[in-house]
Amino acid sequence: MSQISGARVEPRAPLWVCYCDYDGVVHDDAVYWSPRTGIYMRTQGRTLFEWLPILEELLAPYPNVKIVLSTSWVRARSFAFAKSQLTPALQSRVIGATFHNRETEKFLFDNMSRGSQVWADVQRRNPERWFAIDNDEHGWPDLCRDHLIKTDDRLGLSDPLVQHSIRKLLASF
């Protein structure tokens, strides 16, 4: 604890961030939208957000890990809508999104790779530790590649190898 002008100031917990995509991560990548049916899953037998319990379980031992939404759902719908799709436990970890309509020019953001979007947010937030879970590895800056946990479009977080990679990375925090 430190003192400033006689007031006690509690030290802040370090900022650890998980940048989380949705499609191909927390459910199958085959997600579509139509005016008649809204958002739907095209892959038979798959459901939206079916792997959220896995993400909850992986993050549970690490209460300091916050979530920044790096999904296109924020840009396509809204931050509030995208966040509301998560479980309450995961919602409580969400501190923002890579897209922020007051800080980000839409045209520039839309023409950046996912990796560049994440890297811009890392530079803005300056977390002590961070990683990204995404099925899109195209265009990630070289200095960010070690922070990317790449998922398979059809397996997402259900892949035991991805789960192992996340556990190993979190243990290093």
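When restricted to residues that are in a helix (DSSP H, G or I), β-branched (Val, Ile, Thr) and either under 26 Å from Glu105 (Cβ atoms) or free of Cβ contacts under 8 Å to residues at least 24 places away in the same chain (or both), segment 118-173 contains 2.
Every residue, every condition in (1) more than 27 Å from Gly139 (Cα to Cα); (2) surrounded by fewer than 19 Cβ atoms within 10 Å (Cβ to Cβ); (3) at pLDDT below 95; (4) in contact with a Leu (Cβ under 7 Å, 6 or more places away or on another chain), yes or no:
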position	(1), (2), (3), (4)
Gly38	yes, yes, yes, no
Met41	no, yes, yes, yes
Pro53	yes, yes, no, no
Glu56	yes, yes, no, yes
Thr71	no, no, no, no
Ala76	no, yes, yes, no
Ala97	no, no, no, yes
Lys106	no, yes, yes, no
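Residues in segment 68-99 that are closer than 19 Å to Glu50 by Cα and among the hydroxyl-bearing types (Ser, Thr, Tyr): Ser70, Thr71, Ser72, Ser84, Thr87, Ser92. Flag: Asp159 does not match the condition of being closer than 23 Å to His27 by Cα and surrounded by 19 or more Cβ atoms within 10 Å (Cβ to Cβ).
Tell me whether segment 26-33 contains one or more residues that are under 14 Å from the mean Cα position of the chain (by Cα) and touching a residue at least 60 places away in the same chain (Cβ under 8 Å).
yes
Scanning segment 78-91 for residues that are open to solvent by 50 Å² or more (accessible area, probe 1.4 Å) and among the hydroxyl-bearing types (Ser, Thr, Tyr) gives a single hit, Ser84.
The values are calculated or read from the model by the stated rules, or taken from the named source; none is laboratory data. Computed from a predicted model, the values in this text were never measured in an experiment. Heads up, the Cβs are rebuilt from the backbone with ideal geometry, glycines too, and the neighbour counts pull from every protein chain shown. For accessibility, only protein heavy atoms count, side chains too; no ligands or nucleic acids. Shrake-Rupley method; radii C 1.70, N 1.55, O 1.52, S 1.80 Å.
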